[in-house]
Amino acid sequence: DTAVSQTPKYLVTQMGNDKSIKCEQNLGHDTMYWYKQDSKKFLKIMFSYNNKELIINETVPNRFSPKSPDKAHLNLHINSLELGDSAVYFCASSQASIAGYGYTFGSGTRLTVV
Amino acid sequence: AQSVTQLGSHVSVSEGALVLLRCNYSSSVPPYLFWYVQYPNQGLQLLLKYTTGATLVKGINGFEAEFKKSETSFHLTKPSAHMSDAAEYFCAVSDAYNTDKLIFGTGTRLQVFP
């Protein structure tokens, strides 16, 4: 019974395509996140949502659009994919109302743009 | 702004030897500090965290870390390395005013030799 699940696990697509990654958490957490991990393993926050409200929107191209239909789901849609978008994308959740709670991560989606 | 520096992108130890992974942080307010482990092709798993109270915190798999405010450090240790400890380790920081955001270090790859 996976706590934070992402689909798909692997995604290979051509430049210019549009793709979506889905994330669901069954932990009852109030906040969800998208992180990007590049080829050097560096993790950078992209977005966070608290109870469906966008809280953090880092400097990310507007080709990336998150959507949170409810507090258990946070999807990431990417338009006009570019080679530089190739990375592993991690979804995470937390109970941000509790200071220092920490995150639970999904297993990641490896996006390869060719 | 908060930041985390992990000294040494690669650390190699022999099985049974002491593991020491270094992490220094920068924060203008009392920090919350975390260590995460990432095994190949997996998501990040919380090893341990410091929020308040006892400065020596114990985590899973025999790891522990000590918060030293005077040195702005939160180094991760394990007395005796096991082959299964080989992974990427990430230090991260947040605080009571930025509970929505974890800032990660660049990671340290731990190799364990027989």
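Show me the GluC sites (Glu not before Pro) within the range A:50-99 that DSSP assigns to loop and that have at most 15 other Cβ atoms within 10 Å of their Cβ.
Answer by residue number: A:58, A:82.
Could you give the C-alpha radius of gyration of chain B expressed as a fraction of 2.2 N^0.38 Å, taking N as the number of residues it contains?
1.01
Considering only protein heavy atoms, what is the solvent-accessible area of residue B:10 at a probe of 1.4 Å, reported in Å² to the nearest 10?
Rounded to the nearest 10, the figure is 120 Å².
Please list B:7, B:46 from largest to smallest accessible area, probe radius 1.4 Å, with all protein chains kept in place.
Largest accessible area first, the residues go B:7, B:46.
Please report the accessible area of residue B:113 (heavy atoms, 1.4 Å probe, ligands and nucleic acids excluded) in Å², nearest 10.
100 Å²
How high is the relative contact order of the range B:4-114? Use alpha-carbon pairs under 8 Å, at least six apart in sequence, and give a whole percent.
38 percent
Of the heavy-atom accessible surface of chain B (probe 1.4 angstrom), what whole percent is carbon and sulfur?
52 percent
Determine the residues within the range B:81-112 where the difference in accessible area between the chain on its own and the full set of protein chains amounts to at least 30 Å²; count protein heavy atoms only and use a 1.4 Å probe.
B:90, B:99, B:100, B:101, B:102, B:104, B:106
Any idea how far the Cα center of the range A:94-114 sits from the one of the range B:22-60, in Å?
So the two Cα centres are separated by 15 Å.
Which value, in square angstrom to the nearest 100, describes the accessible area buried between chains A and B on both sides, using a 1.4 angstrom probe?
1800 Å²
At 1.4 Å probe radius, can you tell me the per residue accessible area of the range B:61-114 in Å²?
44 Å²
Name the aspartates and glutamates eligible as straight-distance cross-link partners of residue A:36: C-alpha to C-alpha under 18 Å, and not fewer than 8 places from it in the same chain.
By straight Cα distance, residue A:36 reaches A:18, A:24, A:58, A:82, A:85, B:88, B:100.
Arrange the residues A:7, A:31, A:104 by how much accessible surface each exposes, largest first, with a 1.4 angstrom probe.
If we order A:7, A:31, A:104 from most to least accessible, we get A:7, A:104, A:31.
Ordering A:38, A:18, B:85 by how much accessible area each has at a 1.4 Å probe, largest first, what is the list?
If we order A:38, A:18, B:85 from most to least accessible, we get A:18, A:38, B:85.
Let me know the mean shielding of B:26-32 by other chains, meaning the per-residue number of their Cβ atoms within 10 Å of its Cβ.
1
For the pairs A:71/B:58; A:22/B:49; A:44/B:69; A:9/A:41; A:52/B:49; A:9/A:67, note any where the Cα-Cα span goes beyond 22 Å.
A:71/B:58; A:22/B:49; A:44/B:69; A:52/B:49
Within the range A:22-114, what whole-number % of the accessible surface is contributed by carbon and sulfur, with the 1.4 Å probe and all protein chains included in the calculation?
That share works out to 51 percent.
In the Gaussian network model of chain A, springs joining C-alpha atoms below 10 Å, which of A:86, A:65, A:39 carries the largest mean-square fluctuation?
A:39
The values are calculated or read from the model by the stated rules, or taken from the named source; none is laboratory data. Keep in mind it's a predicted model, so treat the numbers as computed, not measured. Note that each Cβ is placed from the backbone with ideal geometry, even for glycine, and that neighbours are counted across all protein chains shown. Surface accessibility is based on the protein's heavy atoms, side chains included, excluding ligands, DNA and RNA. Shrake-Rupley method; radii C 1.70, N 1.55, O 1.52, S 1.80 Å.
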